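First, the structure itself, so that you have it in front of you.
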Amino acid sequence: DITLADCYMGLGDYEKVIYHVKKALNSPTKELTGRGRLYRNLMNAMRNLNYPDEEILPVIDEAIKTLPQLPEFYAERAINLCDLNRLDEAYDSFKKSLKMWKNMIARRKMRIANASKFALKTIKTIKRTAWRVISVLMVN
């Protein structure tokens with residue numbers, strides 16, 4: 001159903017997108033990946049079919065409840081709340097989303113820095129080993 005929802009999204013058949021997304025979300029088989037995409041497809045299909053913001057907000061809240069680690073849904077919630085003129089709540093959601101993005105970026109920078117340090121250390125080790133091998137070969 002995830003693949004069908006994607007296909008129908010590409011075809012612009014938003015009613016079928018909604019059907020297949022809801023079917024996949026209610027399935028007893030829980031996908032390890034793709035749930036975020038399902039919620040995004042559902043929200044986009046609902047918007048394309050001019051669903052009222054009041055009907056889209058519970059979908060966003062369900063996405064946040066299911067995938068609280070994804071900052072994009074907090075941003076979606078903020079945009080939706082702005083459209084509903086619930087500006088204080090929108091501000092709080094934007095703030096949370098930005099904080100989460102900043103933390104994600106900081107963690108990624110740290111991983112990149114650690115990977116770079118490891119790569120440099122590995123290169124130095126390989127270089128030393130190569131020089132040792134060369135020196136042994138030159139002696140023999």
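The values are calculated or read from the model by the stated rules, or taken from the named source; none is laboratory data. Predicted model only: the values in this text are computed from it and were never measured. Cβ: placed from backbone, ideal geometry, glycine included. Neighbour counts: every protein chain shown. Surface accessibility is based on the protein's heavy atoms, side chains included, excluding ligands, DNA and RNA. Shrake-Rupley method; radii C 1.70, N 1.55, O 1.52, S 1.80 Å.
Of all the residues that make up segment 80-110, how many are touching a Leu at 6+ places or on another chain (Cβ under 9 Å) and open to solvent by less than 60 Å² (accessible area, probe 1.4 Å)?
6
Of all residues in segment 1-26, which are acidic (Asp, Glu), assigned to a helix (DSSP H, G or I) and within 20 Å of the chain's Cα centre (by Cα)?
Correct list: 6 only.
Could you please find all residues in segment 27-48 being open to solvent by 50 Å² or more (accessible area, probe 1.4 Å) and either within 20 Å of the chain's Cα centre (by Cα) or of a type outside the set (Val, Ile, Thr) (or both)?
28, 30, 31, 32, 33, 37, 40, 44, 47, 48
Same structure again: Checking the conditions here, which among 51, 74 is surrounded by 14 or more Cβ atoms within 10 Å (Cβ to Cβ) and part of a helix (DSSP H, G or I)?
Criteria check complete, one pass: 74.
Please determine whether any residue of segment 79-102 is assigned to a helix (DSSP H, G or I), over 21 Å from the mean Cα position of the chain (by Cα), modelled with pLDDT of 95 or more and within 30 Å of residue 11 (Cβ to Cβ).
no
Also, I was wondering about something else. Being in a helix (DSSP H, G or I) and in contact with a Phe, Trp or Tyr (Cβ under 7 Å, 6 or more places away or on another chain) is the filter here; which residues of segment 60-71 pass it?
Selection gives 60, 63, 64, 71.
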